[in-house]
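What follows is a short report on a single structure.
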Amino acid sequence: MQDRSKQKLPRLITISISHYCEKARWALERLNVPYIEERHAPLLHWLATTPNGGRSVPVLVTEAGTFTDSTEILQYLDGMSPVSTKLYPADPELRREVEKLEDLFDRRLGPSTRVWFYFYMLDNRDVMVRLFCDGVESVEQELFAIVFPCVREAMRQAMNVKAESAARSHQEIRNIFETVNQLLADGRRYLVGDNFSACDLTFACLAAPVLLPTEYSARLPESNELPGEMAQAIAQFRETPAGAYALRLFREERFSQH
Ligand SMILES: N[C@@H](CCC(=O)N[C@@H](CS)C(=O)NCC(=O)O)C(=O)O
């Protein structure tokens, strides 16, 4: 017999390693919304997202509707949350600043950290199959291991993963980190206002592929699995004020109770 109470929980469709999915998981957990995560391997995730009107992950399926973008998910969850836990400030001007930074990170940081990470990691079949299969149903894991070479090629094409784009992405990440360094230079505790908000959460998640925080809630590569050049760049990113800030957010805010 099916457990009826579980049928009502929101369902989060994800690819485990995806940093946009970590953004949705973090918001759900911070706002104390119980949910069921359904993890899929890349490309095979379309079998779950397409019937729900989306293509990319995360997709959140709720009784109130289906949300197919991480920012839409945060805004929907925030609307149901008490004032004390809100991720968007009530003050309209502060809210505009939060949304502007969130949009910058969504559009420019997330795609850049992803291309940079995959440029170094996609060649390592064993590690990537293990990371992509973290928490995925066993039948899908077996199928994914077989089709991995084709999926990898499709991902390379779709995201234009090659040396030149990785170099451009590296520069873009440095530019956005510099913007964050400048905001933090006056000693503020959070990017906007006095509280942790959606732009802090988004920055930490979308920077994660170049920082590899230990609190990330899906498997990431071990340090001994990283190519030397990548490990060196990660060490440099971690030492910047922006990198140290994202790591602090993971340490202090990722699993804090509200
Ligand atoms: N704007 C979207 C971007 C999400 C996104 O790019 N997801 C990637 C994984 S990191 C994805 O699903 N890619 C596979 C696809 O588009 O089929 C959001 O914020 O949710």
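When the residues of the stretch 185-203 are filtered to those that are touching a Phe, Trp or Tyr at 6+ places or on another chain (Cβ under 6 Å) and not β-branched (Val, Ile, Thr), the one that is surrounded by the fewest Cβ atoms within 10 Å (Cβ to Cβ) is Tyr190. Determine if the stretch 29-49 includes at least one residue that is part of a helix (DSSP H, G or I) and under 16 Å from Arg254 (Cβ atoms). Scanning the stretch 29-49, I find at least one residue that is part of a helix (DSSP H, G or I) and under 16 Å from Arg254 (Cβ atoms), so the answer is yes. Buried (at least 16 other Cβ atoms within 10 Å of the Cβ), part of a loop (DSSP other than H, G, I, E, B) and not polar (S, T, N, Q), is that true of Pro209? Spelling it out, it is not the case that Pro209 is buried (at least 16 other Cβ atoms within 10 Å of the Cβ), part of a loop (DSSP other than H, G, I, E, B) and not polar (S, T, N, Q). Being surrounded by 19 or more Cβ atoms within 10 Å (Cβ to Cβ) and either assigned by TED's automatic domain parsing to the domain that holds Leu211 or of a type in the set (D, E, K, R) (or both) holds for only one residue in Phe105, Phe144, and it is Phe105. More than 19 Å from the chain's Cα centre (by Cα), assigned by TED's automatic domain parsing to the domain that holds Gly243 and not small (Gly, Ala, Ser): which single residue out of Thr179, Thr202 fits that description? Unique residue meeting the criteria: Thr179. When each of Ala218, Ala235, Ala198, Ala204 is tested for being aliphatic (A, V, I, L, M) and under 18 Å from Val127 (Cβ atoms), the lone residue that passes is Ala218.
For every residue, the table says whether it meets (1) away from the ligand (no atom under 15 Å from the Cβ); (2) over 20 Å from Asp200 (Cβ atoms).
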residue: Ile17; (1), (2): no, yes
residue: His45; (1), (2): no, yes
residue: Ile73; (1), (2): no, no
residue: Glu93; (1), (2): yes, no
residue: Leu101; (1), (2): no, no
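Among the criteria (1) under 21 Å from the mean Cα position of the chain (by Cα); (2) within 15 Å of the ligand (Cβ to nearest atom), the one Glu153 does not fulfil is (1). Report yes if some residue within the stretch 55-68 is surrounded by 15 or more Cβ atoms within 10 Å (Cβ to Cβ), of a type outside the set (Lys, Arg) and either part of a helix (DSSP H, G or I) or away from the ligand (no atom under 16 Å from the Cβ) (or both); otherwise report no. No - not one qualifying residue is present in the stretch 55-68. Residue-level analysis places Ala166 among those that are surrounded by 12 or more Cβ atoms within 10 Å (Cβ to Cβ), farther than 23 Å from Leu87 by Cα and assigned by TED's automatic domain parsing to the domain that holds Thr113.
The values are calculated or read from the model by the stated rules, or taken from the named source; none is laboratory data. Quantities reported herein were computed from a predicted structural model and do not represent experimental measurements. Cβ atoms come from the backbone with ideal geometry, glycine included; neighbour counts cover every protein chain shown.
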